[in-house]
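Structure first, commentary second.
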Amino acid sequence: MLIDSHAHLDSERYQDELPQVLTRAYDAGVGAILTIGIGEGPAEMQCALEICRKFNQPDGSAGAGLPRLFASAGIYPHNTHEADEAALAKLDGLLAEPEVIACGEIGLDYYHDGSPHETQKAIFVRQMEIAAARRRPILIHCRPKDGDNACWDDCLGLIAEHWGPTGIGGILHCFSGELEHAERAIELGFLISFAGHLTYPKAQALRDVATQLPLDSLLVETDAPFLAPVPNRGQRNEPGWVAHTAATLAGLRGLPVAELASLTSKNFSRLFSLDAKLPWNV
Ligand SMILES: [Zn+2]
């Protein structure tokens, strides 16, 4: 069984098609999906949790013929100018829910001109404090300006100062940095999650990084509906297609796909202390 560690199932690009999308994921071997609760801003932070409750059984286990769903909640870097006290209180309340196992995606984005960097940093720190009090791992979005490592340095610096001491760990989602960035994060208790661009012809540097990381630090994700992997590049992505990224990663590591699936599922379960709750043996 594979786990898609990052998908936006609340995207308006799925709408009424979600039952079919989830069925296709299950049929492709996806046993669980972490659906990201950032919406288009804090007003939609609860949408991922609502999707979990719609498709899981009442006891939180997987629906029949469907992957088990987990949710996150967080305020995306470019929505941090909307992060007033009410939004932060809402985040805290959501992180108290059993299905909401992670805080994210949070972090810094210097690529787009969204919220000012100082606002992004301040709200990133506030969210780490809230997540620490709820003992929820954090999902990190870090997007540098091309050719400039300031975003990584700021992001990893804030994590080291405000999150490292908690020992709770987290995930570098949709990793696209350098080996050094991944290694610094792993030291701080993070897992490194690879999305569809691992399969893109021009991403050789990223594949080289993926080849060198410890096996117990690896995850795969879709970031659906974005970043569809080869051979579906350019289309609306969906969780079942995480199998393509997993196959690429397995090839890089010289492992059978089933083994890669098992070890990434184990990594996910370990981070979120889920072993006892999973309905299958990973
Ligand atoms: Zn995302």
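The values are calculated or read from the model by the stated rules, or taken from the named source; none is laboratory data. This one's a predicted model, so the numbers in the text were calculated from it and none came from an experiment. Because the Cβ atoms are built from the backbone with ideal geometry, glycine has one as well, and the counts that use them run over all protein chains shown.
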At pLDDT below 95 and either of a type in the set (Asp, Glu) or out of contact with any strand residue (DSSP E or B) (no Cβ under 7 Å at 6 or more places or on another chain) (or both) - does that describe any residue in segment 13-20? yes
Could you list all residues from segment 10-40 that are within 14 Å of the ligand (Cβ to nearest atom) and either part of a helix (DSSP H, G or I) or of a type in the set (Gly, Ala, Ser) (or both)? SER11, GLY37, GLY39
Could you tell me whether segment 71-90 includes any residue that is farther than 21 Å from ALA150 by Cα, surrounded by fewer than 22 Cβ atoms within 10 Å (Cβ to Cβ), in contact (Cβ under 8 Å) with a residue 60 or more places away in the chain and in contact with a strand residue (DSSP E or B) (Cβ under 6 Å, 6 or more places away or on another chain)? no
Among the residues of segment 197-229, how many are surrounded by fewer than 17 Cβ atoms within 10 Å (Cβ to Cβ) and aliphatic (A, V, I, L, M)? 2
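Quick grid of which residues meet (1) out of contact with any Gly (no Cβ under 7 Å at 6 or more places or on another chain); (2) closer than 20 Å to ALA71 by Cβ:
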| site | (1), (2) |
| --- | --- |
| ALA102 | yes, yes |
| ILE106 | no, yes |
| HIS117 | yes, no |
| ARG135 | yes, yes |
| GLY169 | no, yes |
Scan segment 186-196 residue by residue and report those that are assigned to a helix (DSSP H, G or I) and surrounded by 15 or more Cβ atoms within 10 Å (Cβ to Cβ). ILE186, GLY196
Quick check: is even one residue across segment 244-252 surrounded by fewer than 13 Cβ atoms within 10 Å (Cβ to Cβ) and under 20 Å from the mean Cα position of the chain (by Cα)? no
